[in-house]
Amino acid sequence: MDFSGWEKLSLVDFDDNVTTTLFFAGCNFRCPFCHNSSLVLNPASCPKFKWESIMEYLKKRQGILDAVCITGGEPTLMNDLLDKMKDIKSLGYLIKLDSNGSKPEVIKEAFKQGLIDYVAMDIKNCPEKYPLTTGLKEVDMTPIEETVRFLIDSGIGYEFRTTIIDEHHTEEDIEKLGQFIKGAKKCFLQKFTDSEYCISRGLHEVPKEKALRFKAILEKYVDKVELRNYD
Ligand code: SF4
């Protein structure tokens, strides 16, 4: 399968690493706040980047780039993801994977084969409100919980991140979300910004004062909690 988006140079996707970012088109969720609506809703109409071209670029930039970020959509749905990760690893790059955590078996296998250095997993909401925040009628939380526990227990580098939305997240939800990821090392609470690229329009950001209250609640369960994109 081909990637459908390619940001050749990024300084913001993976700590201080100079990164190239690849986007997979397709997702099993429909989060209303998602900014990648075309990748999620119309994968067939998205551009395709030939793997050979990407590999050629990566070969030429060995020693210049540090890492490859694989994102989406939901990249664990890509049927040849591990083969592509192997190709990337053969050139010595670090790999960061962004995921909604619904395919623990893919993340576990990538880790087992030494193909993954860091995972950024979305925690959409407390388990009860996953359907609302993923735009689905129902969500099987078993694989998501399996990924959460694997990331916490495996020793792999990871972060959890939650885009907080005024209409979707209450203090009670954040309390339950904290219980769901109890023992985690790191979680970011990300500011939401509405845009024409979102799957649904009209949602609102959580004001900073309220976001700080969310942070304080989450700190009871997670070692390090930070707000992201708040001034
Ligand atoms: S936010 Fe992530 S999980 Fe949700 S629809 Fe967009 S790509 Fe899929």
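Computed quantities for the displayed model
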| item | result |
| --- | --- |
| Estimated [θ] at 222 nm from DSSP helical runs (n ≥ 4, -39500 (n - 2.57)) normalised by residues in the chain, nearest 500 | -9000 deg cm²/dmol |
| Mean-position separation - Cα centroids, the stretch 1-50 and the stretch 170-231, in angstrom | 23 Å |
| Additional length obtainable on full extension of the chain from E209 to D15, 0.36 nm per residue less Cα span | 67.2 nm |
| With at most 15 other Cβ atoms within 10 Å, longest stretch of the chain clear of loop GluC sites (Glu not before Pro) (DSSP) | 1-137 |
| Heavy-atom accessible area ranking, 1.4 Å probe, most first, across R228, R161 | R228, R161 |
| Residues whose placed amide H lies under 5 Å from that of Q190, excluding near-sequence neighbours | T162, T163, I164, R228 |
| Three-way shape label, the stretch 26-152, alpha-carbon gyration tensor, a/c 1.5 | oblate |
| Probe 1.4 Å, accessible area per residue of the stretch 58-169, Å² | 39 Å² |
| Antiparallel DSSP beta bridges within the chain, as percent of all bridges there, nearest 5 | 15 percent |
| Largest-first ordering by accessible area, 1.4 Å probe, given options K60, K8 | K60, K8 |
| Cα long-axis angle, helix 51-60 against the chain (0 to 90 degrees, to the nearest 10) | 80 degrees |
| Cα-projected label distance for S38 with E7, points at 7 Å along beta-carbon direction, nm | 1.5 nm |
| Whole-Hz couplings from phi, Karplus 6.51/-1.76/1.60, listed for the stretch 88-93; x for Gly and Pro | 5, 5, 5, 9, x, 7 |
| Sequence of T162, T170 when ordered by accessible area, the most exposed leading, probe 1.4 angstrom | T170, T162 |
| Net charge, L177 excluded, C-beta distance under 13 Å - Lys, Arg +1, Asp, Glu -1 | -1 |
| 12 Å beta-carbon shell around S102, net charge (K/R +1, D/E -1) | -4 |
| Fluctuation leader among S154, S102, S200 - the chain, Gaussian network, Cα springs under 10 angstrom | S154 |
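The values are calculated or read from the model by the stated rules, or taken from the named source; none is laboratory data. Quick caveat, the model's predicted, so the values are computed rather than measured. Cβ sites come from the backbone with ideal geometry, for glycine too, and all protein chains shown count toward neighbours. Surface accessibility is based on the protein's heavy atoms, side chains included, excluding ligands, DNA and RNA. Shrake-Rupley method; radii C 1.70, N 1.55, O 1.52, S 1.80 Å.
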